[in-house]
Amino acid sequence: MKVELKSGIYWVGAIDWNIRNFHGYTTHKGTTYNAYLVIGEKIALVDTVKAPFFGEMLEGINHIIAPEEIDYLVVNHVEMDHSGSLPLIRETLPNVEIFCSPRAEGELKEHYGDEIPLKVVKTGDVLELGGRTLTFVEVPMVHWPDSMVTYVKEDKVLLPNDAFGQHIASSERFDDELGWETIYPELAKYYANIVMPYGAQVLKALEALKGLEIEVIGPSHGLIWRKYIPQLLATYERWAKGETEERALIVYDTMWGSTEKMARAIYRGLTEEGIPTKMYRLTGSDMSDIVKEVLETRGLLLGSPTLNNGVFPTVAEFSTYIKGLRPKGRIAAVFGSYGWGKGATKTLTADLQAAGMEVLEELQVNFVPSEEKLDRCEGLGRRVAQRIKAS
Ligand code: FEO
């Protein structure tokens, strides 16, 4: 089946129905690796697919043209879910000229060897296909330093690689076929787990794209956008600015139930102040789903018992992950119980501060919290709630 974005521009990607873990991020709905064929007098393939899906991509191309007719390959991004088929392309189509950003040049050589012939293009450079023009815009850190987008000006089609992607495997290819409500949670999860550290760079990229007329956006994962583009751009801008809602998230783990008692008392304080709150015990929860919640939530309360003078392992894993994702500007507090040695809350405070959060308080109890200490936990919840409302 041919999937046409505009007359002469085709999706030739692959659907990965069964991937459930994408470098540590759970992909309950699978994903797609999107590649696009742009046909002018010359023919360009924009991006490839993960290596095991090369055959599927080639089959898709074969429905449209003979693969030998491809003149150019544009590598928008080096990560191997998009460049992985490059060695197979070179083997199958040795005359294809390969274009990439300045930063991608070295990275591609590190991946596939120094002998790979590359043509470097910078922001504003164009590749004339004859009847169609590809314009390149570098968008560093969305998602790697090498990332760039390709724009087909005659058709107002933007091919931005990872930006605006979602990990969804589906037989539908376009946003209007699935609907905003279905796509939105996966768009948010993708942004939170992949793009969130680079809000400043996303804002720059959005600014760079503002001058372009865009009718179709073909990202490298998930659905192609043609109906919801205004909502999509507004949503990315909101996330990139770190805008959040008056809500809270309590994330914790517990050994003998004390930290959980604290969590429940904090929950009472927050909700009695009118703050919608969700609680997740990390054992049994999915970390990348929780991170999706962090994206739009203003308050984070993180709890851990002290184990061997440190943080409980599941909480340590979460706080390390959050530290890397840098959801700046959130209001935080940390809490936990300890036995004969403290340690967990101090480490958690440092991690959340390193993530760019304001940590209002640390609250610890020895062994099992008394009613009086649970009242203090409730008070902590109330104070965080007030601060959330005041922000
Ligand atoms: Fe879909 Fe950064 O790779």
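The values are calculated or read from the model by the stated rules, or taken from the named source; none is laboratory data. Everything numeric in this text was worked out from a predicted model, so none of it was measured. Cβ sites come from the backbone with ideal geometry, for glycine too, and all protein chains shown count toward neighbours. Please note that ligands, DNA and RNA were not included when accessible areas were found on the heavy atoms of the full protein model with its side chains. Shrake-Rupley method; radii C 1.70, N 1.55, O 1.52, S 1.80 Å.
About its Cα centre, the dipole of segment 10-138 is roughly 380 debye, where the only charges are +1 on Lys and Arg Cβ and -1 on Asp and Glu Cβ. Under 5 Å between amide hydrogens, built in the peptide plane, is the criterion, and for LEU5 it picks out TYR10, TRP11 among residues at least 5 positions away or on other chains. Size check on the chain: the Cα extents along the three principal axes, sorted descending, read 78, 39, 34 Å.
Of interest is the spacing of the C-alpha centroids, which for segment 51-78 and segment 340-355 amounts to 49 Å. In order along segment 141-151, phi translates into HN-Hα couplings of 6, 10, 10, 10, x, 7, 4, 9, 10, 10, 10 Hz, rounded to whole numbers, per the Karplus curve 6.51 cos²θ - 1.76 cosθ + 1.60 with θ = phi - 60° and x for Gly and Pro. Contact order, relative form, for segment 245-390: 31 percent (alpha carbon pairs under 8 Å, 6 or more residues apart, mean separation divided by residue count). Comparing Cα centroids, segment 1-38 and segment 250-271 end up 41 angstrom apart. Take TYR10: with every protein chain present and a 1.4 Å probe, its accessible area is about 30 Å².
Checking the a/c ratio against 1.5 first, then a/b against b/c, what shape does the Cα gyration tensor give for segment 184-323? Here segment 184-323 falls in the prolate category. Relative to the dominant Cα principal axis of the chain, helix 313-325 is inclined by about 50°.
Amide H contacts for GLY339 (H built 1.01 Å from N in the peptide plane; partners 5 or more residues away or on another chain; cut-off under 5 Å): THR306, PHE367.
Given the chain, what percent of its DSSP beta bridges are antiparallel, to the nearest 5? List each step's numbers first, then the result.
Numbers: 29 of 66 bridges.
If I count the DSSP bridges inside the chain, around 45 percent turn out antiparallel.
Pairs LYS42/LYS109; LYS261/LYS389; LYS156/LYS227; LYS50/LYS204; LYS2/LYS119: which are spaced more than 20 Å apart, C-alpha to C-alpha? Pairs exceeding 20 Å: LYS42/LYS109; LYS261/LYS389; LYS50/LYS204; LYS2/LYS119.
If the only charges are +1 at each Lys and Arg Cβ and -1 at each Asp and Glu Cβ, what is the size of the charge dipole of the chain around the Cα centre, to the nearest 20 debye?
The calculated dipole for the chain is roughly 1540 debye.
Dipole orientation for segment 241-320: of the candidates VAL315, VAL291, TRP256, TRP256 has the Cα lying most toward the positive pole (charges on Cβ; Lys, Arg +1; Asp, Glu -1).
May I ask you to list the trypsin sites (Lys or Arg not before Pro) in segment 300-387 that are in a DSSP loop and have at most 15 other Cβ atoms within 10 Å of their Cβ?
LYS328, LYS342
Taking a straight line from the alpha carbon of LYS278, these aspartates and glutamates sit under 17 Å away, with near neighbours fewer than eight places off in the same chain left out: GLU245, GLU246, ASP253, GLU260, ASP286, ASP289, GLU293, GLU296, GLU378. When only Cα pairs below 8 angstrom with a gap of at least 6 residues are kept, the chain shows a relative contact order of 12 percent.
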